[in-house]
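See structure below.
The values are calculated or read from the model by the stated rules, or taken from the named source; none is laboratory data. Model, not experiment: these values are computed from the prediction. Using ideal geometry, Cβ is built from the backbone for each residue, glycine included, and neighbour counts are taken over all protein chains shown. Heavy atoms of the whole protein, side chains included, go into the accessibility calculation; ligands, DNA and RNA do not. Shrake-Rupley method; radii C 1.70, N 1.55, O 1.52, S 1.80 Å.
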Amino acid sequence: MPSFGLGHLWFLLIAAGWTIALSAIAFLGGGVLGFFIALARISESRLLRGLSGAYVQLVQGTPLLILLFLIYFGLAIIGLDQLPALIAAGAGLTIYSSGFLAEIWRGCLQSVPKTQWEAAECLAMTRWQRLTRVILPQAMRIATAPTVGFLVQIVKNTSLASVVGFVELSQAGKLINNSTFQPFAVFLTVAALYFLICYPLSAWSRGLERRLNVGRR
Amino acid sequence: MTYQFEFSSLLPYWREFLDGVWLTLQLSAISTVLGFTGGALCAIARADGPPWLKRVVGAYVEVIRNTPLLVQVFLVYFGIAVLGIRVDANLAAVLALVVNVVAYTCEIMRAGIESVHKAQVEAAECLGLNRRQTYWHVILRPAIERVYPALVSQYVLLMLASSITSQISAEELTAVANRIQSDTFRSFETYIVVGLLYLALSFVVRWAFWGFGMLVFTRRRKLGTAL
Amino acid sequence: MSAVVKLTDVHKSFGPLKVLNGVSFEVGRGEVVAMIGQSGSGKSTALRCINALEKIEQGSIEVCGHAIHGEKLDKRALRLDVGIVFQSYNLFPHLTAEQNIMLAPTCVKGIGRREARELARDCLNRVGLADKAGHYPEQLSGGQQQRVAIARSLAMQPKVMLFDEVTSALDPQLTGEVLRVMEDLARGGMTMILVTHEMGFARKVATHVIYMRQGKVWEVLPGHRLNDPDTPELREFIGSDL
């Protein structure tokens, strides 16, 4: 039986690169989708509010694992089973993060006092102008800390992409463990690599939050 | 597109689905109770313990919160096996979930404890309450009440995340789904059904927590403040 | 008969700031002592030292036979003898008025719930809030909350009661209802030390008024003589208030 060595570590490092790539895809895709869903959540149209609300409930009420299975088998049904695993994993994580980011950002948008909307309205701004010139700049300041915090959730949840056959950090660890059966060495290394990616983000998010609280005082 | 949806071949498996739901609920309930207790104790240790304990708990919380649950599950399951102890997958699953949720609960409870004003503690001391009594009556109870919504969200997430333990073949809902889809070759339909079951579960769990909150937090019930 | 509260040459600093600079006074049984002075003169700090909420650096404090400055101070025993009411009420927000009052008697004295409830009703009655037993603090006005806080303290049957600017957060109308409760207590023979800005109340109710200035007891005089002080500083202080 081979023992856990440098070659394995190299394999893990490359897999960690894929974890970061997948996280970036999920954040960018989820960010764009989530932004529009957040806008729909505070829209004046009841229909849009209802639909986007249902979407968020659906995404937040189902495990990511099930979402990934559904996309994987769904793609196969429409004949796209030859696509690289990265696409299926990216799509699943995009939907997942859009649901959560939309809800985080809706909260930030609504935490801007109503009087700001009114003040902007009284200056004869259109709804779009009110949103982009007055509300968004204020909401973004509040949103940075929780958004960076959610990045950590995304990175951690890419570990589930293994179920659609994508070899990222966790899956790589599992493969190595299958051949070496040294779970402590393998998974502690894997955990350490995740920690190295996630901890700076967590610390950054906390720092942002602290600065925001000081600024408000 | 020519795909024919066909849910009827899943019907014979209704008992298995229910068993999966039941085990998911059990896993979540046990992990929630143990996780809450452990998390509250950790939060107290972190707020008021000796410096070394504060550091240990702080490090534990950071490590857990910055690594994936899946890796934690693998570590517990394969780690126990390599130590030569034979453990049932369900037990390993509970163990991993508890280790995980204790850290999140600790962080939420810490925020709650910090939100209790110092003057409250002073008032309790001046009434002659000892440390334990002060902690329970004046710090923990209002702290729990304040962070209850955050705790509920966390425990709903826990219920959903328990699906991850299917990866070490704990026999909960997702593992049941994996088996049924390989029996029936109706993968898409199986996961639609299971997705809906989880959705229903998340509503039921939320609703149960809401009811429990109304029962326990009499002030909220009486003043009609949203929980 | 010895004093219930006795401070001897008490010193206390917060960092470089000297707050108490050799404070001495005595309070006898059944006396009502009002401490007045500018903010920062040390009166609230002196009060907090009496209840061992602050540590003193030099001097001695004795309260009902407890040596506050000593190493072997039994804080629990002290607090069974001393009640304190704060400016910010500090009621427990998750408990009703009645539960706020019942908490310490059941926890600390081990009184049964039924008896504690009767005690609570009794104390609420004394502060004129018998009808608010089931109300939560946030449902009560500031004055009502402060009266509940007084009742909560009373329920422990303390030998001395301390009042730390208890009406400072209240508007004049609500101040009146709290002061009336305190006046009743004084007339009932309770030993009381209060830090206050209410000169009229001090004049009418206080056995002695202690004027604090620059961390020292500047002048002590009977309440009824408050209009006619000896030192020019107190005269000016009172003049600025009238």
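Numbers for the structure displayed
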item	result
Percentage, to the nearest whole number, of Cα pairs in chain A over 21 Å apart	62 percent
Test item: Cα-centred dipole of the protein assembly as shown, Lys/Arg +1 and Asp/Glu -1 on Cβ, debye	400 debye
Accessible-area order (highest first, 1.4 angstrom probe) of the listed residues C:His208, C:His66	C:His208, C:His66
Size of electric dipole in chain A: Cβ of Lys, Arg +1 and of Asp, Glu -1, about Cα centre, debye, nearest 20	840 debye
Accessible heavy-atom area order of A:Ile42, B:Ile85, highest first, probe of 1.4 Å	B:Ile85, A:Ile42
Cα-Cα over 26 Å, subset of B:Lys54/C:Lys18; C:Lys109/C:Lys132; B:Lys118/C:Lys43; C:Lys18/C:Lys159	B:Lys54/C:Lys18; C:Lys18/C:Lys159
Relative contact order, percent, region A:6-211 [alpha-carbon distance under 8 Å, six or more residues apart]	30 percent
Helix axis angle, B:14-48 relative to chain B longest principal axis, alpha carbon, degrees	20 degrees
Stokes-Einstein diffusion coefficient of chain B, Kirkwood radius over Cα pairs, 4 °C, 1.567 mPa s, in µm²/s	66 µm²/s
Residue-level accessible surface for C:His94, protein heavy atoms, 1.4 Å, Å²	10 Å²
Of C:Gly189, C:Leu226, C:Val205, farthest towards positive along the dipole that unit charges on Lys, Arg, Asp, Glu beta carbons give region C:127-242	C:Gly189
Cα radius of gyration and Dmax for the protein assembly as shown (Å)	32.1, 105
For region A:6-211: accessible area per residue (Å², 1.4 Å)	47 Å²
Most mobile listed residue (B:Glu189, B:Glu122, B:Glu171) in chain B, GNM with C-alpha springs under 10 Å	B:Glu122
Accessible area that becomes buried as A packs against B, both chains, 1.4 Å probe, Å², nearest 100	3200 Å²
Net charge dipole size for chain B [Lys, Arg +1 and Asp, Glu -1 on Cβ; Debye, nearest 20]	920 debye
List A:Arg49, C:Arg152, C:Arg180, ordered by accessible area with a 1.4 Å probe, largest first	C:Arg180, A:Arg49, C:Arg152
Angle in degrees between helix B:141-161 and the longest Cα principal axis of chain B, rounded to the nearest 10	20 degrees
Positive-end residue, region A:6-211 charge dipole about Cα centroid, Cβ charges, pick of A:Phe150, A:Ile66, A:Val186	A:Phe150
Heavy atoms of C:Asp122 accessible to a 1.4 Å probe, total area in Å² rounded to 10	90 Å²
Per-q log10 I(q)/I(0), region B:156-227, q = 0.17, 0.20, 0.23 Å⁻¹ (Debye; single scatterer per alpha-carbon; no solvent)	-0.69, -0.83, -0.98
Whole-Hz couplings from phi, Karplus 6.51/-1.76/1.60, listed for region B:122-128; x for Gly and Pro	4, 4, 5, 4, 5, 8, x
Rounded to the nearest 10 Å², the accessible area of B:Leu223 at probe 1.4 Å	50 Å²
Cβ-based net charge around B:Pro12, under 14 Å, with every Lys or Arg adding one and every Asp or Glu removing one	-2
Taking all pairs of distinct alpha-carbon atoms in region C:136-242, Kirkwood radius in angstrom	15.0 Å
Axial C-alpha extent at least 18 Å, average Kyte-Doolittle at least 1.6 - helices from chain A (DSSP)	A:6-41, A:64-77
Computed over region B:5-120: relative contact order in percent, which uses C-alpha pairs under 8 Å that are six or more apart	39 percent
DSSP bridge orientation in chain C - percent antiparallel, rounded to nearest 5	55 percent
Along principal axes, Cα extents of chain C, largest first, whole Å	53, 44, 37
At q = 0.20, 0.25, 0.26 Å⁻¹, base-10 log of I(q)/I(0) for region B:23-106 (Debye sum, equal scatterers on each alpha carbon)	-0.92, -1.15, -1.18
In region B:1-88, the GluC sites (Glu not before Pro) that fall in loop regions by DSSP, at most 12 other Cβ within 10 Å	B:Glu6
Nearest-ten-degree value, helix B:173-184 long axis tilted from longest Cα axis of chain B	0 degrees
Relative contact order (%) - chain B, alpha-carbon pairs under 8 angstrom, separation at least six	29 percent
